[in-house]
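Here is the structure we will look at, set down as structure tokens.
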Amino acid sequence: MRNEGRTGIGGRDADKIQKIISKGIADITARIGELRSDQKTRMLAAKGRKTVRELDRNSRAAVILQHKLLAELLEENKDTEFGRKYHFADIHTAEEFKEKVPLSFYEDYAPAISRMMKGEQGILSARQPVYFAMTSGSVGVPKYIPVSREELEKYNKYSVEMAFGVADEYYRNTTGKGVPAGPGLNAVEARVKETNTGVMQGAISGGVLKSVRSLVPFLLSTPWEVISAEGGKETDMKYLKARFALAEANLSFMDSVFITGLVDLMDYILEHYELLCRDICFGKISEEVKVPARIREMLAPQLKPDRRRANELMREFKADTDMPIIPRIWPRMSWIGGIGTGGFFSYSKRMRKYAGKSIPFNNLCYAASESFMAVARHMGDESYVLLPESGFYEFIPARGGDDERTYNIDELEVGEDYEIVITNLSGLYRYRIRDVIRVTGYYNETPLVRFIYRKNQLVSIAGEKTNEESLRWTVEEFSRESGVEVVDYSVYEDTATAPGRYVILIEPVRAVRKGEIPGLRQHMENALMRANPAYGEMVMNGTLSPLKLVILQQQTYLLYRDMMIAKGASANQLKPVRLIDTPFKEQFFFALRENYDE
């Protein structure tokens, strides 16, 4: 019989050795994960450098590429139902294309798209859709846009690879080394469903993420089980994204479609860091957090106790310092990506407070469900390089009039605003997405553009036509002159008052006293009169009443976004609420105003 008392390992010793072995395995696994993450970062940086070179090359031949692309699309689709109707076989120039094919809106395609979703082929395009992009429904009910494989590849190349290429170029120019490697925090979700014929459908950003799913385990802190989870009331997505991101000390980048997604996440982290750190310490997801049992079960193998990381985080969160929080909890953070231009300016300012001055921001792209149209060429760029190979573009001057003649990319004037018209790679022809852009310059032969406003988001009670750009400038000037920083803002057309008036709703960063309201209202009025002289003239002559300023309660806009997500909206697509244009929005926002008026 063996003498286990002398030669065996006692219970406590066995437990200790098992813990040492387990820790060793965990350390090795983590190290392998880091190596794989570094490899994926370098791979994407290399692809990104290639994409940057391709963009530069194409921008120098943009005019030729535009006409070549149009000719290819006409030839390829001449035998489709749409191509036969408009005699694509007989069209040989861009001018003939404009003469024979009418300008169009979604409503012109809706019946055909409905048939395509049922599996019919050869209707709009010879290229079969591999995805149906569901629009945000910000201007009505959601629409379904067919997306070909070629179109989806453009999104992948210019939203994923380009971002790493731009970051890599930035660091090579500033440090002599490539972009720091490491996993990233991803705030994008990929809740993708299928049509009855087996074609994927959902937000276009989710489709792009699903197409690079193989990279997720090695590149992102966010597990695929979280990225693809159903959100809404059943799952606290902010907790899950924050939980896994905070556990990763070597996080090197953060990205979202819109910068609001990252601001909301940082707000959540700062409010709930004690809960998050406790769960990291013990390697669990607290029962008080809304996470379905099946998701808890799937995530359980990825939850490891990490007391050291939890203590590191708690020290930084509790530290008495004015230093920005992001570089303290993630020292390797190297870039932050998310659209933060135009109406997102206030969120970009808030994100900069979290990130500090040294971490570069990438404004990523100008894109829609219908087409990936333009991309930021450098870190910090607020104008985007139009992609000449991503669609055939036409431009209608936004200055008004009945003339709907369209201009090509080489006929545009710098400083002018245009409604953009696209012919994409998936079967939309001379399609008006109702976006107005401003040409800010040229990058070689390619226009540099900046989104200004959506045509149906104009405020115009008496013909004064205040657009989103004017409203943004007004609020910026208001903040500068009054010293009251604004979290977010909206406008409402009050036509029940005679004469009509603007009601501007703002959520200030600090509390506003009732006695301040008259002075703040005048600051806003003066700024709006300068932004839109036609508005100012109508107020002066009595055609419009002076505006009313409404102060909203703290976190009103955050509450609205959370509510919309709980109702099933995609977090990837939530844009700022600029126009209070539905009874639902009116009821929600006016119910959350402070209990005093101007």
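The values are calculated or read from the model by the stated rules, or taken from the named source; none is laboratory data. On a predicted model such as this, the values are computed, not experimentally measured, just so you know. Don't worry about glycine lacking a Cβ; one is built from the backbone with ideal geometry, like all the others, and counts go over all protein chains shown. These area figures cover heavy atoms from the full protein model, side chains too; ligands, DNA and RNA do not enter into them. Shrake-Rupley method; radii C 1.70, N 1.55, O 1.52, S 1.80 Å.
What residues qualify as long-range amide H neighbours of THR222, i.e. H under 5 Å apart, gap of 5 or more or another chain, H built at 1.01 Å from N?
Those qualifying (amide H under 5 Å, at least 5 residues apart or on another chain) are ASN186.
Tell me which DSSP H helices of the chain clear both cut-offs, 27 Å or more of axial length from alpha-carbon atoms and a mean Kyte-Doolittle hydropathy of at least -0.5. Kindly include the intermediate steps, with their values, before the conclusion.
Values: long enough: 11-59 (70 Å, -0.87); 259-282 (31 Å, 0.73).
Length and hydropathy pass: 259-282.
Please give the peptides 236-244, 344-352, 387-395 ranked by average Cβ packing (other Cβ atoms within 10 Å per residue), highest first, as a rough proxy for protection.
Ranking the peptides 236-244, 344-352, 387-395 by packing returns 387-395, 236-244, 344-352.
Give the ranking of HIS92, HIS378 by solvent-accessible surface, highest area first, calculated with a 1.4 Å probe.
Most to least solvent-accessible, the answer reads HIS92, HIS378.
Using only the heavy atoms of the protein chains and a 1.4 Å probe, how would ARG328, ARG172 rank by accessible area, largest first?
ARG172, ARG328
May I ask you to give the average projected area over all directions of the convex hull of the Cα atoms of the range 266-413, in nm² rounded to one decimal?
Seen from a random direction, the Cα hull of the range 266-413 projects 14.1 nm² on average.
Which lysines, on any chain, are close to LYS318 with Cα under 20 Å apart, when same-chain ones fewer than 8 places away are left out?
Here the lysines satisfying the reach criterion relative to LYS318 are LYS353.
Using Cα pairs under 8 angstrom and six or more residues apart, how large is the relative contact order of the chain, in percent?
Details: 1051 pairs, mean separation 76.8, N = 598.
It rounds to 13 percent for the chain.
Give me the percent of accessible area attributable to carbon and sulfur for the chain, probe 1.4 angstrom.
Carbon-and-sulfur percentage of accessible area, whole number: 51.
So what's the net charge close to GLU230: Lys and Arg +1, Asp and Glu -1, counting the other residues with Cβ under 13 Å from its Cβ?
Numbers: positive: ARG191, LYS193, LYS233, LYS290, ARG294, LYS567; negative: GLU189, GLU225, GLU234, ASP236.
Here the count lands on +2.
What GluC sites (Glu not before Pro) does the range 236-304 have in DSSP loop regions with at most 15 other beta carbons within 10 Å? All intermediate terms of the calculation are to be shown ahead of the outcome.
Details: sites: GLU248, GLU271, GLU274, GLU287, GLU288, GLU297; in loops: GLU248, GLU287, GLU288.
Answer by residue number: GLU287, GLU288.
Scan around ALA374 for amide H atoms under 5 Å from its own, H built in the peptide plane at 1.01 Å from N, and keep only partners 5 or more places away or cross-chain.
Under 5 Å from the amide H of ALA374: TYR366, LEU387.
State which entries of LYS47/LYS143; LYS241/LYS290; LYS514/LYS548; LYS177/LYS304 exceed 22 angstrom in Cα-Cα distance in the structure shown.
Working: LYS47/LYS143 33 Å; LYS241/LYS290 13 Å; LYS514/LYS548 14 Å; LYS177/LYS304 33 Å.
Correct reply: LYS47/LYS143; LYS177/LYS304.
Take every Cα pair under 8 Å in the range 264-393 that's 6+ residues apart, average their separations, divide by the length, and report that relative contact order as a whole percent. Present the calculation step by step, with values, prior to reporting the outcome.
Values: 139 pairs, mean separation 20.6, N = 130.
Normalised by residue count, the contact order of the range 264-393 is 16 percent.
Give me the Kirkwood hydrodynamic radius of the chain, using the inverse of the mean 1/r over all pairs of distinct Cα atoms, in Å to one decimal.
After inverting the pairwise mean of 1/r, the radius is 26.3 Å.
Determine which residues of the range 225-254 fall in the zone a paramagnetic label at VAL192 would reach in this model, i.e. backbone nitrogen under 16 Å from the point 7 Å along Cα→Cβ.
225-230
Using protein chains only and a probe of 1.4 angstrom, how many square angstrom of ARG510 are accessible, to the nearest 10?
90 Å²
Is there a pair in LYS50/LYS78; LYS357/LYS585; LYS193/LYS233; LYS157/LYS567; LYS238/LYS585 whose C-alpha atoms are over 27 Å apart, and which pairs would that be?
Correct reply: LYS50/LYS78; LYS357/LYS585; LYS157/LYS567.
Once you place label points 7 Å from the Cα toward the Cβ at GLU153 and GLU271, how far apart are they in nm?
So the two model labels end up 4.4 nm from each other.
Enter the accessible area of HIS67 (Å², nearest 10), with the probe set to 1.4 Å and all protein chains included.
Its heavy atoms expose roughly 80 Å² to the probe.
Can you tell me the accessible area per residue over the chain, all protein chains present, probe 1.4 angstrom, in square angstrom?
That works out to 46 Å² per residue.
If we count every other residue with Cβ under 15 angstrom of ILE113's Cβ, Lys/Arg +1 and Asp/Glu -1, where does the sum land?
Neighbour charge sum, excluding ILE113 itself: -2.
Rounded to the nearest 500, what is the 222 nm mean residue ellipticity of the chain from helices alone, with -39500 (n - 2.57) per DSSP H run of 4+ residues and division by all residues?
-13000 deg cm²/dmol
Fully extended, how many nm does the chain gain between LYS455 and ASN526 (0.36 nm per residue separation, minus their Cα-Cα distance)?
23.1 nm
Determine the gain in length on full extension of the stretch LYS357-VAL509; use 0.36 nm per residue of separation and subtract their C-alpha separation, reporting nm with one decimal. Let's see the in-between values first.
Numbers: separation 152, 0.36 × 152 = 54.72 nm, distance 2.05 nm.
Extending this stretch completely gives an extra 52.7 nm.
Report TRP473's accessible area, 1.4 Å probe, all protein chains in place, as a number in Å² to the nearest 10.
Spelled out: TRP473, probe radius 1.4 Å, area about 90 Å².
Per 0.36 nm of contour for each residue apart, how much would the distance between GLU389 and ALA61 grow if the chain were fully extended, relative to their Cα-Cα spacing?
117.1 nm is the gain from fully extending GLU389 to ALA61.
How do GLU468, GLU507, GLU594 stack up against each other in accessible area, from largest to smallest, with a 1.4 angstrom probe?
The ranking, largest first, comes out as GLU594, GLU468, GLU507.
What FRET efficiency comes out for GLU99 versus GLU225 if R0 is 51 angstrom and r is the Cβ-Cβ distance? Round to the nearest 0.05.
Approximately 0.45, to the nearest 0.05.
According to a simple spin-label model (label point 7 Å from Cα along Cα-to-Cβ), what is the distance in nm between MET540 and ARG172?
If labels sit at ARG172 and MET540, their model points lie 5.5 nm apart.
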